[in-house]
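Enquirer: One structure, as structure tokens, below. Some questions next.
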Amino acid sequence: MDSISFLIEGFALAIQPANLIYAAIGVMIGTAVGVLPGIGPALTVALLLPVTFKLDPGGSIIMFAGIYYGGMYGGSTTAILLNTPGESASVVTALEGNKMARSGRGGPALATAAIGSFVAALIATLGLAFLAPILVKVAVKFGPWDYFGLMLIAFVTVSATFGSSPMRGLTSLAFGLWLGLMGIDQLTGQARLTFGVPELLDGVEVTTLAVGLFAIGEAFLVASRHLHKPEKPIPVKGSIWMTKEDWGRSWKPWLRGTVLGFPIGALPAGGAEIPTFLSYNIERRLSRKPQEFGQGAIEGVAGPEAANNASAAGTLVPLLTLGLPTSATAAVMLAGFQQYNIQPGPLLFTQHADLVWGLVASLFIANVMLLVLNLPLVGMWVKLLKIPLPWLYAGILVFASMGTIAANPSVVELLLLTGFGVIGFLMRRYDYPIAPAVVGLILGPLADNALRRSLQMSLGDPMILFQHPSSAIMIAIATIALIAPFIFRGLSRFQHDED
Amino acid sequence: MRNFMKYGLMAAIVGSVLSFGSLSATAQDLELTITAPAGAGGGWDSASRSLQEAMMATGNAKSVQVVNVPGAGGTVGLAQFIGSAKGSPNQLLVAGITLVGASISNKSPVNLTQVTPLARLTGDPLVIVVSKDSPIKTIDDLLATIKTDVAKTIWVGGSAGGADHILAALVTKAAGADPAKINYVAYSGGGESLAAMLGGQATAGVSGYGEWEGQIKSGDLRALAISYPEPIEGIEAKPLKAQGLDIELVNWRGIFAGPDVQGADLDALKAAVDNTVKSEQWQAILKARGWSDYYAPTDEFKTFIASENDRVRSILTSIGLAD
């Protein structure tokens with residue numbers, strides 16, 4: 001068991017006082033930038049790179065890992081409290097989390113997110129330590145056809161679940177897919193649906209759409225109602241801590257979210273969004289109280305948050321074993337490695353074993369620090385909700401616009417944000433679900449590219465999707481998930497007839 | 001955000017003053033802004049930040065700020081720079097060959113011939129690889145495979161119309177096949193295309209050498225050739241030129257000033273850049289980052305830009321990405 005002795009050595013490196021301080025600074029900065037929309041961990045790490053040039057490689061990489069994990073924690077806080085997801089991976093958290101907060105259960109929502117993130121990151125970091133070399137061999141075999149199969153599953157489960165009627169869900173999804181087509185097509189380099197606006201050539205930012213639809217739309221709706229009947233601030237009901245029932249309803253979603261998040265995060269084009277969507281849907285299906293979904297179900301926060309953090313650890317698998325950054329933050333971390341003439345890749349585990357295991361060990365430590373930092377903060381965060389509504393929503397509007405401008409300073413971006421805010425208001429007013437639009441924007445281009453890459457490699461033969469067992473199985477699952485509800489409905493009607 | 005930039009910048013300044021305090025006595029009064037027409041973490045961003053570090057460390061500028069303007073292969077940043085930096089004595093832009101290609105294939109109204117070249121800085125070689133199990137052993141084997149069936153030769157590499165795509169097209173043309181028929185599967189970057197190479201989904205792949213160095217050294221990928229004109233120390237693969245193909249393509253990055261910057265203003269910027277590039281600090285950065293020095297002074301760089309613009313346009317036209 002070489003790995004274990006290496007891991008012990010890693011801990012010896014990570015608990016050196018200087019490295020502990022780097023980890024602490026990292027998680028604090030990370031939490032701060034995660035809370036502020038717009039300043040992602042990627043930008044922060046990029047800004048800090050020149051500073052850390054003077055530190056030793058171990059220390060600075062440990063600090064970056066702290067920022068990375070901290071950002072994931074912080075992003076969920078604003079999603080839950082303010083319905084303003086700071087990054088696309090916490091869009092799902094906002095769905096149930098904000099409903100919980102608005103019914104006075106913000107404390108348990110934040111707690112289950114923090115503890116779920118902790119559990120998931122802990123298990124996933126173990127997975128990173130022991131499974132990385134095996135997992136990566138499987139991950140590179142994942143061809144475009146397999147990605148297409150995975151997208152199909154995501155589409156079917158997501159579009160079937162949201163909204164009061166399938167038609168409304170599909171309309172919202174179609175809006176997202178249309179937005180997803182905008183910009184330069186990656187496979188041909190040609191512009192689609194950009195209407196001659198150069199800023200649209202890169203397509204619509206997911207966070208701009210999410211913040212516009214969720215936060216700004218919400219603020220408009222509250223404002224329109226406030227004119228007639230001023231709402232009172234949201235009271236905090238019951239304990240701000242999780243009850244026994246909350247624990248009982250949370251622990252299984254944490255574990256299931258981890259199992260989804262880690263492997264999908266380890267895929268070179270997996271990302272954090274797909275596992276959070278899948279986790280939400282699975283929890284909704286498995287929940288004993290499915291009627292609570294849409295009203296603030298704790299499972300809908302616990303599962304996706306665990307999936308989000310597990311996938312963050314998963315992202316480190318291709319980064320460390322292949323030198324393959326699969327997120328913007330990972331790309332900046334790669335630059336951090338290169339700054340010290342360390343090339344992550346197949347040789348990293350043998351050439352710089354001390355560094356790799358030091359990093360893994362400090363991820364454990366960063367996790368513990370984050371939990372210690374975040375749980376006491378829950379009480380403070382929840383007080384935010386006591387702010388009178390007009391002030392709170394004015395604050396949200398300022399933060400959301402500032403965050404968008406910070407990420408991409410352009411007038412077009414601000415106009416898009418406002419436009420999406422108006423659309424979000426109208427969708428709420430006329431009872432269209434919002435999440436499918438965001439899903440469409442995220443998954444549409446991925447599915448588009450995966451299908452066309454498959455066809456390009458097979459010289460146009462669509463059978464390639466079924467020739468690989470893995471993709472054939474996933475397409476079958478998607479088909480069953482699509483048809484099954486109709487069959488069951490038919491069967492139960494049939495049984496009714498017999499009665 | 002503003003605060004954050006300020007803190008980052010302050011920390012950077014503090015850091016450099018601590019280490020190079022003795023040199024800052026000769027600091028000039030230039031207060032510069034470098035536009036990186038790309039998001040944080042990419043090649044242009046890291047080149048800009050490295051230049052920022054070196055210029056302040058060597059005392060060739062009093063302060064340097066980096067601004068990221070991402071979008072459309074750099075054309076959004078370029079358009080903004082052309083508007084705001086006209087005649088400006090303290091604005092710089094970092095850009096490279098990708099921006100040349102992007103302004104052509106996006107049919108952008110702006111291109112790099114509209115700004116004032118200062119110096120070419122770095123140039124990284126591209127590498128052509130096959131998987132370790134491939135029957136293709138040499139570049140000649142690859143040329144023969146292309147000649148047999150150009151459509152069945154699946155290339156993977158970075159985004160459509162970028163340097164990787166251009167190199168694949170040049171090799172296809174050299175094999176005697178029609179570059180318009182090339183089967184090039186574009187990925188968003190060297191990372192995703194690496195997975196496709198390792199998964200055995202493609203015939204050949206193109207990327208920056210540095211991005212795939214680990215896999216080449218570990219033997220998972222077989223490097224057939226690099227696109228640099230001369231052999232590079234530490235890289236086993238030979239240049240295409242040394243293997244009988246008249247192809248050279250370098251992923252270069254350079255630094256520019258705004259349109260219509262002239263006279264004393266231009267000379268000051270030129271001197272600041274030239275002194276920085278010749279410093280030990282800059283050489284140390286090149287080494288640490290694994291970048292190849294590809295320095296060319298202003299006049300040479302100016303003719304180079306014009307010829308790259310024509311060359312890239314003709315290749316993109318031949319693969320149907322420009323008219």
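Read-outs throughout are calculated quantities, based only on the coordinates presented, and are distinct from any laboratory measurement. The shown structure was predicted, so the numbers you read here are calculated from the model rather than taken from an experiment. All Cβ positions, glycine included, derive from the backbone under ideal geometry; neighbour counts span all protein chains shown.
Enquirer: In deg cm²/dmol, rounded to 500, what helix-only [θ] at 222 nm does chain B give when every DSSP H run of at least 4 residues adds -39500 (n - 2.57) and the total is split over its residues?
Expert: Working: 11 runs with 140 residues, N = 323.
Using -39500 (n - 2.57) per qualifying helix, the result is -13500 deg cm²/dmol.
Enquirer: Another one. Do any chymotrypsin sites (Phe, Trp or Tyr not before Pro) in region A:138-207 lie in a loop, going by DSSP, with at most 11 other beta-carbon atoms within 10 Å of their beta carbon, and if so which?
Expert: Numbers: sites: A:Phe142, A:Trp145, A:Tyr147, A:Phe148, A:Phe155, A:Phe162, A:Phe175, A:Trp178, A:Phe195; in loops: A:Phe142, A:Phe162, A:Phe195.
Filter output for region A:138-207: A:Phe195.
Enquirer: Take every DSSP beta bridge with both residues inside region B:125-243 and express the antiparallel ones as a percent of the total, to the nearest 5.
Expert: Details: 9 of 16 bridges.
Close to 55 percent.
Enquirer: So for chain B: antiparallel DSSP bridges make up what percent, rounded to the nearest 5?
Expert: On the way: 24 of 40 bridges.
Once the DSSP bridges in chain B are tallied, antiparallel ones form about 60 percent.
Enquirer: Could you give me the radius of gyration and the Dmax of the protein assembly as shown, taking only the C-alpha atoms into account and expressing both in angstrom?
Expert: Here Rg and the maximum Cα pair distance are 26.5, 96 Å.
Enquirer: Would you mind telling me the antiparallel percentage of the DSSP bridges in the protein assembly as shown, rounded to 5?
Expert: Close to 60 percent.
Enquirer: About the Cα centre of region A:264-308, how large is the charge dipole given +1 on each Lys and Arg Cβ and -1 on each Asp and Glu Cβ? Please answer in debye to the nearest 20.
Expert: Taking the Cα centre of region A:264-308 as origin, the dipole is about 180 debye.
Enquirer: For a quick check of your reading of the filter: which GluC sites (Glu not before Pro) in region B:210-310 sit in a DSSP loop and have no more than 15 other Cβ atoms within 10 Å? Write down the numbers at each step before the final one.
Expert: Working: sites: B:Glu211, B:Glu213, B:Glu233, B:Glu236, B:Glu248, B:Glu280, B:Glu300, B:Glu308; in loops: B:Glu233, B:Glu236, B:Glu248.
Answer in residue order: B:Glu233, B:Glu236.
Enquirer: If you don't mind, another one. Compute the Cα gyration tensor for region B:125-243, then decide on rounded, prolate or oblate, letting a ≥ b ≥ c be the square roots of its eigenvalues: rounded whenever a/c is under 1.5, prolate when a/b is larger than b/c in the other cases, and oblate in all that remain. All intermediate terms of the calculation are to be shown ahead of the outcome.
Expert: Details: a/c = 1.35, a/b = 1.16, b/c = 1.16.
It comes out rounded by the Cα gyration axes.
Enquirer: Further, regarding this structure: If you put +1 on each Lys and Arg Cβ and -1 on each Asp and Glu Cβ, how big is the dipole of the protein assembly as shown around its Cα centre, in Debye rounded to 20?
Expert: Working: 53 positive and 58 negative charges, 435 e Å.
Around 2080 debye, computed over the protein assembly as shown.
Enquirer: Given contacts defined as C-alpha pairs under 8 Å and at least six residues apart, what's the relative contact order of chain A, whole-number percent?
Expert: Across chain A, relative contact order equals 29 percent.
Enquirer: For a test of the definition: using alpha carbon positions, the gyration tensor, and the 1.5 limit on a/c, classify chain B as rounded, prolate or oblate.
Expert: In terms of gyration-tensor shape, prolate.
Enquirer: So for A:Ser224, A:Ser458, fewest C-beta neighbours within 10 Å to most, what's the order?
Expert: Taking fewest neighbouring Cβ atoms as first place, the list is A:Ser224, A:Ser458.
Enquirer: Taking only C-alpha pairs under 8 Å that are 6+ residues apart, what is the relative contact order of chain B in percent? Show your work: numbers first, answer last.
Expert: On the way: 618 pairs, mean separation 76.7, N = 323.
That works out to 24 percent.
Enquirer: First check a/c for region B:266-323, with a ≥ b ≥ c the square roots of the eigenvalues of its C-alpha gyration tensor; if it is under 1.5, answer rounded, and if not, answer prolate when a/b is larger than b/c or oblate otherwise.
Expert: oblate
Enquirer: Just want the answer: with Cβ charges of +1 for Lys and Arg and -1 for Asp and Glu, which residue in B:Val150, A:Val206, A:Gln291 is farthest toward the dipole's positive end in the protein assembly as shown?
Expert: It is A:Gln291.
Enquirer: Take the residue pairs A:Lys141/B:Lys181; B:Lys152/B:Lys173; A:Lys244/A:Lys289; A:Lys252/A:Lys289; B:Lys62/B:Lys270; B:Lys181/B:Lys241 and return only those whose Cα atoms are more than 19 Å apart. Can you show the working numbers first?
Expert: Details: A:Lys141/B:Lys181 27 Å; B:Lys152/B:Lys173 15 Å; A:Lys244/A:Lys289 16 Å; A:Lys252/A:Lys289 14 Å; B:Lys62/B:Lys270 15 Å; B:Lys181/B:Lys241 24 Å.
The answer is A:Lys141/B:Lys181; B:Lys181/B:Lys241.
Enquirer: Further question on the same structure: Expressed as a rounded percentage, what relative contact order does region B:125-243 have, with Cα pairs under 8 Å and six or more residues apart?
Expert: On the way: 210 pairs, mean separation 44.0, N = 119.
Computed value for region B:125-243: 37 percent relative contact order.
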